[in-house]
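The values are calculated or read from the model by the stated rules, or taken from the named source; none is laboratory data. Predicted, not measured: the structure shown is a model, and the values here were computed from it. Neighbour counts are summed over all protein chains in view; Cβ atoms, including those assigned to glycine, are modelled from backbone coordinates with ideal geometry.
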Amino acid sequence: MTDANNRGASVHLLPPLVFLGPLLVGIGLGRLLPWRLPTTAPWPTVLTWAGVVLFVAGLGLMSWAAVVMWRHHTTVIPWGHVDHLMTGGPFRFTRNPIYVGDLLVYLGVTLVAGTWWPLALLPLPVFVMQRLVIAREEAYLLERFGQPYAAYCARVRRWGVV
């Protein structure tokens, strides 16, 4: 039995907080140093509705992934021991549906807030997620599941579309 069979990934961050920090800083900067998204008609209404749609889609994607994981008796905690390789449900489209959901929520809140600042800060949480969460999870899953995980990675993109 390998060590990966007894432990989880060496992740020490809570992914929603990785997104929440820059989002709140960006919204705060938007209040201190206004850098508004387009404000001429019909843009505020269009952007607000687009933001609501992205927010709801993000929550829906996260919920769908959590239900699939729960049904397979595996954890949503990034450092938790994973019992089953998830390849169905939203995992058919992205290896990280919960993180894609976090990103959609971030973008939705940004559009509703109406400021460019969170978009300017977005590379920070994406970089942190890639390096300090996803890379560690992928190394763990490869060690834990071997070839089946490698084959899954070959056919399903990390972020879905990129």
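Which of the residues belonging to the stretch 52-84 are surrounded by fewer than 16 Cβ atoms within 10 Å (Cβ to Cβ) and more than 22 Å from Tyr149 (Cβ to Cβ)?
Val52, Val53, Val56, Leu59, Gly60, Ser63
Is it the case that some residue within the stretch 101-117 is out of contact with any Ser or Thr (no Cβ under 7 Å at 6 or more places or on another chain), assigned to a loop (DSSP other than H, G, I, E, B) and either free of Cβ contacts under 8 Å to residues at least 24 places away in the same chain or not acidic (Asp, Glu) (or both)?
Yes.
Go through Thr94, Thr87 for me and flag whichever is polar (S, T, N, Q), surrounded by fewer than 21 Cβ atoms within 10 Å (Cβ to Cβ) and under 30 Å from Val52 (Cβ atoms).
Within the list Thr94, Thr87, the selection yields Thr94.
So Leu17 passes all but one of these: (1) within 19 Å of the chain's Cα centre (by Cα); (2) surrounded by 12 or more Cβ atoms within 10 Å (Cβ to Cβ). Which condition number does it fail?
That leaves (2) as the condition not met.
Select from the stretch 109-161 the residues that are of a type in the set (Gly, Ala, Ser), crowded, with 18+ Cβ neighbours inside 10 Å and either under 13 Å from the mean Cα position of the chain (by Cα) or within 24 Å of Gly80 (Cα to Cα) (or both) and list them in ascending order.
Within the stretch 109-161, no residue meets the criteria.
Okay, residues lined up against (1) touching a Lys or Arg at 6+ places or on another chain (Cβ under 6 Å); (2) of a type in the set (Val, Ile, Thr); (3) over 17 Å from Arg158 (Cα atoms); (4) touching a residue at least 40 places away in the same chain (Cβ under 8 Å):
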residue	(1), (2), (3), (4)
Val53	no, yes, yes, yes
His72	no, no, yes, no
Gly80	no, no, yes, yes
Asp83	no, no, yes, no
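With the structure loaded, tell me whether Ile77 is in a loop (DSSP other than H, G, I, E, B) and either over 18 Å from Pro118 (Cα atoms) or not small (Gly, Ala, Ser) (or both) or whether it fails that test.
So Ile77 fits the description; yes.
Does any residue of the stretch 82-95 turn out to be of a type in the set (Asp, Glu), within 25 Å of His12 (Cβ to Cβ) and assigned to a loop (DSSP other than H, G, I, E, B)?
yes
Kindly establish whether Ala41 is loosely packed, with under 15 Cβ neighbours inside 10 Å, under 28 Å from Ser10 (Cα atoms), over 16 Å from the mean Cα position of the chain (by Cα) and of a type in the set (A, V, I, L, M, F, W, C).
No, not satisfied.
Which numbered condition in (1) in a loop (DSSP other than H, G, I, E, B); (2) at pLDDT 95 or above; (3) over 30 Å from Leu37 (Cα atoms) is the only one that Leu142 fails?
(1)
Would you check which residues across the stretch 31-74 are touching a Leu at 6+ places or on another chain (Cβ under 6 Å) and among the small types (Gly, Ala, Ser) and list them?
Selection gives Ala50, Gly51, Ala57, Gly58.
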